[in-house]
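Report on one structure; see the data block that follows.
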Amino acid sequence: MIKFKNIYFNSLLVSTYNKNVKRYGYTPQGLFWNSKKSQYHRFEIIYSLLKTKLPNYNDIEIADIGCGYASFLNFLNHKKVKFNYSGYDINENLINYCKKKYPSNYFECSYFPRKISDVTIISGTYNYAVTNNLKSWEDYVFFNLRKCVLNSRLALIFNLQYTNKKSFIRNHIYFACFDDIYKKLKNEFKSVDFFYSSKSSTDIYFIILK
């Protein structure tokens, strides 16, 4: 059942993002980000987690899930670090755009890494919910996380909008109750850590280590 729900939600997401990209173009706003500044704040935090949680982070293989127009790749290209990047998105239009803009990198239409990577990065991918049914959306998130962890050699790093109250969905944005989601993650995966930064004050970052 969850597999069919996953397919249905993915189709709704593709349609929604296509309409927004048509309106705003391949920009942060086109992918429902507030701004490039907030987007890059998240990237900086993820990059710092790569360095602290993976001591041998140089020359690692990175899978970017929900890569959009590959803004994280652009961010990494300005860092003095060696890496092998693969981008994945369920939206074929976005993947085609990435292939044209970054022909030397690997991109594929998928919701999980199609080949084994050292670490999987998921930034903002599960924030925009296409349902008001909280359980259905959280089932969708965990279904995708399981698939991504399977093809991650060392770790998976992802973020969510969070609340200290009960989880809720408002104006299509999913806010996860920190205590509940952390408990679910620890029950599901062997080693889970979290990180918070005032630079990205509405987000909580989770690190699933293999």
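Derivation of every value follows stated rules applied to the coordinates shown; laboratory data play no part. For clarity, every value in this text was computed on a predicted model and none was experimentally measured. For neighbour counting, all protein chains shown are included, and Cβ atoms are generated from backbone atoms with ideal geometry for every residue, glycine included.
What is the spread of the Cα atoms of the range 1-137 along each of their three principal axes, largest first, in whole Å?
Largest to smallest, the principal-axis extents are 40, 33, 26 Å.
Whole percent per 10 Å bin, from 0 to the bin with the longest distance: what is P(r) over all C-alpha pairs of the range 53-210?
11, 39, 37, 13, 0
What whole number of Å gives the distance from the Cα centroid of the range 155-178 to the Cα centroid of the range 6-39?
18 Å
To the nearest 20 Debye, how big is the dipole of the chain about its Cα centre, given +1 on the beta carbon of each Lys and Arg and -1 on that of each Asp and Glu?
Numbers: 31 positive and 15 negative charges, 37 e Å.
Around 180 debye, computed over the chain.
For every helix of n ≥ 4 consecutive DSSP H residues, a contribution of -39,500 (n - 2.57) applies; sum these over the chain, divide by its total residues, and give [θ] at 222 nm rounded to the nearest 500 deg cm²/dmol. Spell out each step's value before the answer.
Details: 6 runs with 86 residues, N = 210.
The helix-only estimate for the chain comes to -13500 deg cm²/dmol at 222 nm.
Of 21, 90, 62, which is farthest on the positive side of the dipole of the chain, counting Cα position, with +1 on Lys and Arg Cβ, -1 on Asp and Glu Cβ, and the Cα centre as origin?
Value computed over the given set: 21.
Longer than 21 Å from Cα to Cα, which of 79/147; 82/147; 22/101; 5/190; 135/165 are they? Say none if no pair is.
In this structure, 79/147; 82/147; 5/190 exceed 21 Å between Cα atoms.
Just want the ordering: 201, 152, from fewest to most Cβ atoms lying within 10 Å of their own Cβ.
201, 152
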